[in-house]
1. Based on the mean of other beta carbon atoms within 10 Å per residue, what is the order of C:56-64, A:102-110, most packed first?
2. If you fit an axis through the alpha-carbon atoms of helix A:156-168 and take the longest principal axis of the Cα set of chain A, what angle between them do you get, 0 to 90°, nearest 10?
3. Top mean-square fluctuation among C:MET222, C:MET130, C:MET88, Gaussian network model of chain C, C-alpha springs under 10 Å?
4. Report, to one decimal in Å, the Kirkwood hydrodynamic radius for the protein assembly as shown based on all distinct Cα pairs.
5. Given 0.36 nm per residue, what is the gain on full extension from A:MET63 to A:GLN15 after removing their alpha carbon distance, in nm?
6. What FRET efficiency would be calculated for the residue pair A:GLN263, C:PHE132, taking the C-beta separation as r and a Förster radius of 56 Å, to the nearest 0.05?
7. When only alpha-carbon atoms count, how far does the range A:228-327 stretch along each of its three principal axes, as whole angstroms with the largest first?
8. Please pull out the direction-averaged projected area of the range C:24-158, using the convex hull of its alpha-carbon atoms, in nm² to one decimal place.
Amino acid sequence: MTVSETTTPILEVSQLRKEFQTRQGTLVAVAGVDFVIDESEIYGLVGESGSGKSTVGSMIVGMYPSNGGQILYRGQDIDRPASKRSKELKRQIQLVFQDPGGSLNPRQTIRQILSLPLKLHQGLNGAALEKAVEETIEKVGLPMSYLDKYPQAIGGGEKQLVCIGRALAPDPSFIVLDEPTSALDVSIQAKISNKLLELQEQLGLSYLFITHNLCLVRNLVHRTAIMYLGQLCETATTEEFFTNPLHPYTQMLLASIPVMSEQEEEYKPSEVESVGEIPNPIHRPDGCGFHTRCPFCMDVCKTQPPTMTEVGPGHHVSCHLHSATTT
Amino acid sequence: MANQAKDPQTLLDVRDLSISYKVYEGMLRVLQHVDFRVESGERIGLVGEAGCGKTTLLKTIARILPMPPARIESGEVRFKGRNVLDRDKTSHRMIRRDVSMVLQDPTASLNPTLTIKSFMGDILKNAAHPVAKAERKQRMLEALEKVSMPSPERVLGSYPVQLSGGMRQRVCIAMCLLKDVDLILADEPTTSLDVTIEKQILQLLNALVTENRKSMVLVSHALGAVRTMTDRAYVMYAGNLAEKGATAKVFECPAHPYTIGLFEATPKLSGEGVSDGIAGELPSYLDPPPGCRFAPRCPQAKAICREKKPAAADLDGSHTVFCWVHGGRQEGDA
Amino acid sequence: MSDKKTKRSRPRWEKFKRQWSKFASNRLSLLGLIVVILLIVLAVFAKQIAPYPEHAGLYLDFQSANQGPSWKHLAGTDEYGRDIFSRMLFGLRVSLEIGLLVLAIGVPIGVLLGLIAGYHRNTKIDTAIMRFTDLFMAVPPLVLALVVVAMATPGFFFAAIGIAIAWWPWYTRLTYSLVTSLSNEMYVKYAELSGASSRHIILREILPNAVSPIFTKMSLDMGMIIIIASSMSFVGLGVQPPAPSLGSMVSNGIKFLPEFWWIPVFPALFVVLIVLGFNLLGDGLRDVFAIEEL
């Protein structure tokens, strides 16, 4: 699992914000997020519920526009809903959802499902369309006979492979994967993860891999970023992230993972007890969003939000413990 | 009756249980000849992936499996010595009183139109030793405090929708405490919760079970949780038992090729990369393969594996595997 | 190419077989289906089956009038000597025709409006269509139909129009709620993100998934429509004499109770049978479509 050699960014996100109006008040789902994904890189975005990670992914694919900040794709500003994006842009950025059952129309055959993106993005028809559909299903490793089946007739892992095929069909450059394996069993997760890696290497794709599963991230992504209550806490290369986690939330999360062997226990930071619950995002705590649960909370944490500081090559933390201007 | 509970007797003894479901295409042979045992005060782990039959097993024990379309082909489930599959009132009442389930989706287990106080009060009213009205609130608050519920007074007056997922699951566990059950069946109790909350809930469950000397069956595909929280573990594949034994042994030296494959497929914090997973797919339950159900996918399969169901092979007293590769009590190859 | 055709029809066929088995396992639904098929056969071949087809129009034979049920006249004769059984069959035909006509007019309009409003929900189009629909729903269907017919000329055609006008709003509302909930499905979102045209999304992604509940409602509605048509002819604003109509047979026959009880009772029981058949069928359809996925 090598870190990408090239450092041309494919996606640059700065100060991204998103708010939703609810009956109880304004919900700040994403509160100012900055990160950069390079070409052919797999970037992991980790967080629990309420972290805003899925919202970030949704904005990138154009489900809705942001309420502030910028999203640059290969230098181009793309911060607008998909209906306002160019055809070319829509072709290049694709999405794989979490629930394979819900992402496939139960009234359409696999063939029809795979034909849609090919027709829309590449304007294929007739024999050329048939050929492209067949190539797609081969690419993800499913038998040809599946083309005439309905989604209910195939298993969860295979449905997800169809979703991946659907994302690959228009020959994209960037895929947002939102919890693509969370609904699947462990042995099938492994197969899908493998396929994703294989395809990424073959086709030089860039992935934004959104998940809450840290063990998966450990083995699959090049860089890892972690979010809490709409803000980025820490980003680093995966190796660095897991061997030297600095943000207290990162440590708490790592310490909470149930692991399978004594050997793995050693990789967990010395017990940072998991306490408290994630606060309601509508009533965000002042200062640092994590301060209500942080064992190292200081006075400044309660009033001032921390800023992202570089603490090592490629390793950034947003925490008063590590900020350049502590106290 | 009270004495029996204190004696070290087998609390739950499932013997040779086979269950089939009737569906349009025929009979699905969901469980085959499963033996399963829980002693008083033991914590048992049940490991397996979707479709292996673990939920069916739990539901059968709790007697909430809908009997058509399900059908018991053979076997019995003895709880405190009594076969609960008999359709008599006493065994029915025994299960209702002494067994409780904590399910994956706490939202589905709690009636959205009742306040927490209502159904906790209900449990206390109908308990084996009904609690007087004056005392009830006190007991409810005690139970909520035992599950580390923040602001218990407020929670009592709330409806389930007003509570977070973690809090709802705590309520479910508190209800088990109120009922003072002997056996808790936890079916993926933390799968729908966040990782940090998951840890808290699992710790809570563990503490309660050990402090009050209750028994627990934990079904989870978070293998790490099973490893740290159970004394003995069973591994199931496609309705059959693959392996069973002391948890430490099963996790340190898994013997069955399925268990080995499963452990290998789990991504590790130590960063060993992504495994290939287990080739192949689950067998058809309508027309299951004659021998070992894992044989079509097994990298170590031999001729006998495809023909005959594997018998138990004792590895060292507290670790048994159902696999011809490890020999068997019948004529198996070395 | 023909190879592909057989492969393509198989998944649909398998699905149909499974649904049929589920449907047929409920005895009542099966009964409903049999009754409905029987009724359709009777209606289509009324001319051939009715022992006295000419009695369906103008016919007088006072000698045979008011005779009770016998082998010659299965349901007896009415005050003009007409065979009630034959008239019932033709009345059935009229009822079914009205039902079909009402659905043929009302359903496409209602569903189309519901699709448009649902897809453009939370916009002015949505508000305009749904408030317009609300207007029609504020009046009870029978009353509205009667008003329409009274303004025009009573008869088969306007009776059907009247009922259709009262009926389409329910389909709009049903379709609207179906479309609204289906729009949240991931596969619809995906099509939107990919830039599929509204036409494609409505017709190929949403509508196929909305068809089942609409179909079920149509079957359940048949019974209700027939009752309303019968009520209208009961008050004289539906099908006009001498054309046979179950409702008018009942209303005219009431004054002959209790001596010549068969004159109103048999047509009334027949209406009950028709409505029951369609309702059982509709219930069966609803059960089948409800748990389709498993």
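1. Values: C:56-64: 13.6, A:102-110: 20.8.
Result, highest mean Cβ count within 10 Å first: A:102-110, C:56-64.
2. 80 degrees
3. Comparing C:MET222, C:MET130, C:MET88 in the GNM, the peak value goes to C:MET130.
4. On the way: mean 1/r = 0.0307 Å⁻¹.
It is 32.6 Å.
5. On the way: separation 48, 0.36 × 48 = 17.28 nm, distance 1.82 nm.
Once the chain is fully extended between A:MET63 and A:GLN15, it gains 15.5 nm.
6. On the way: r = 69 Å, r/R0 = 1.24.
Using R0 = 56 Å, I get an efficiency of 0.20.
7. 40, 32, 21
8. Numbers: hull surface 51.8 nm².
About 13.0 nm², averaged over all directions.
The numbers here are math on the coordinates, done by the rules we state, and not lab data. It should be emphasised that the depicted structure is a prediction, and the values quoted were computed from it without experimental measurement. All Cβ positions, even for glycine, are placed from backbone atoms using ideal geometry, and neighbour counts span all protein chains on display.
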